[in-house]
1. Averaging sequence separations of C-alpha pairs under 8 Å and six or more residues apart, then dividing by the length of the chain, give the relative contact order as a whole percent.
2. Scan the range 118-168 for GluC sites (Glu not before Pro) in coil per DSSP, keeping those whose Cβ has at most 16 other Cβ atoms within 10 Å, and list them by number.
3. Given N residues in the chain, what is its alpha carbon radius of gyration divided by 2.2 N^0.38 Å?
4. How many percent of DSSP beta bridges within the chain run antiparallel, rounded to 5?
5. Which value, in debye to the nearest 20, gives the size of the charge dipole of the chain about its Cα centre, when Lys and Arg are +1 and Asp and Glu are -1 at the Cβ?
6. Rounded to the nearest 20 Debye, what is the dipole magnitude of the range 1-146 about its Cα centre when Lys and Arg each give +1 and Asp and Glu each give -1 at the C-beta?
7. Exposure proxy check: 313, 63, 15 ranked by fewest other beta carbons within 10 Å?
8. For the chain, what is the calculated [θ] at 222 nm in deg cm²/dmol (nearest 500), taking -39500 (n - 2.57) for each run of four or more DSSP H residues and dividing by its residue count?
Amino acid sequence: MQPILETRNLSKVFHRGSLLSRDRIVAVDRVSFTVRRGEVFTLAGESGCGKTTTARMILGFEHPSSGEIIYGSERERWHPRVWFNQRIQAVFQNPFETFNPLRKVEGYLFETVKHYGLAADRGKAVELINSKLEAVGLSYSEVEGRYPSEFSGGQLQRISIARSLLVDPSLLIADEPVSMVDASIRMSIVNLFRRLRDELDMGILYITHDLATAYYLGGQIAVMFRGNTMEIGPVQEVLVNPRHPYTQLLRESIPEADPKKKWRGRISIAETEEEEYLRTGCKFAGRCPKAMDICRQQAPELYDVGGVKVKCHLYADKQKEVS
Ligand SMILES: Nc1ncnc2c1ncn2[C@@H]1O[C@H](COP(=O)(O)OP(=O)(O)O)[C@@H](O)[C@H]1O
Ligand SMILES: [Mg+2]
């Protein structure tokens, strides 16, 4: 499948704290992955692992500290100039923040049509907007004249997706798009992503802390921890047969669908996020049940473990990934 977006050693450093005690946090640490047409690529991991920062760099909201973002066949080295490409569209976590409560929802759709010059007159604009709303299971007549408060979170998220479809993007970036949507309609939105992938041949960069929806969407996955991609490979392989101890723990922490089985709880937060970011060696060593001495001293490299890339000293006998 044709690559749409590639990151190579993409990094972002933030400085935090006061002038006297400044911490340097590598929020995204040499992250490399490829998103392809007609495929979902998932960035998964707990809150604070660098998922949104990665998306923000791709969208041009944040300048990478180093590394490259390659869009399609064009190589884009980073310039201070904001790079924006209409072939990339984004949908964010909170639909209630996307829409101003005092503005009619249709205003956003017409604004996008106007901004990109997508229709010659109002009639054509309505036609285009209606077709995109239909693609997400709504219609213009259901939206016309209404305010955000008149819709559910799930409906607003659909409208937000319809708006992104107006420009016929080849890549949709969805940052936790269902985490604030009622569980009962979560799957219908995830199904919508599957349809967009298959029917429009779109690439989707899906960001989530929920492995179940990632599994359902298939494709490729990168499991992130404190800025690092701990494991990258086909979703099926990574989630069914996780190689990295972090992926293994993350999978265990998925709530069981069976109410009789006990919810095992989230991974215990043994250290603060800050301490983990500042660790030398493997960022996960403080929580890892398989940690060895070397893990606390030296950051592991990525190893190829049967077609899956794993950043873990347990696999030091395997072939190193060259970046
Ligand atoms: N503008 C910023 N300045 C300083 N630190 C930031 C900034 N944005 C994000 N961070 C930090 O970078 C880390 C990764 O954040 P983020 O990318 O939002 O993670 P995620 O989306 O996986 O929850 C966190 O420790 C966060 O506090
Ligand atoms: Mg985030």
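None of the figures in this text is laboratory data; all of them are computed from the coordinates on show. Treat the numbers as computed from the prediction; the structure is a model and nothing was measured. With ideal geometry, Cβ positions are generated from the backbone for all residues, glycine too; neighbour counts draw on all protein chains shown.
1. 19 percent.
2. Here the GluC sites (Glu not before Pro) that fit, given the DSSP loop and packing criteria, are 144.
3. Numbers: Rg = 20.7 Å, N = 323, 2.2 N^0.38 = 19.8 Å.
Expressed relative to 2.2 N^0.38 Å, the Cα Rg reads 1.05.
4. Here the antiparallel bridges make up roughly 65 percent for the chain.
5. Values: 44 positive and 41 negative charges, 96 e Å.
Dipole of the chain, to the nearest 20 debye: 460 debye.
6. Dipole size: approximately 480 debye.
7. Details: 313 21, 63 14, 15 9.
Placing the least packed residue first, the sequence is 15, 63, 313.
8. -9000 deg cm²/dmol
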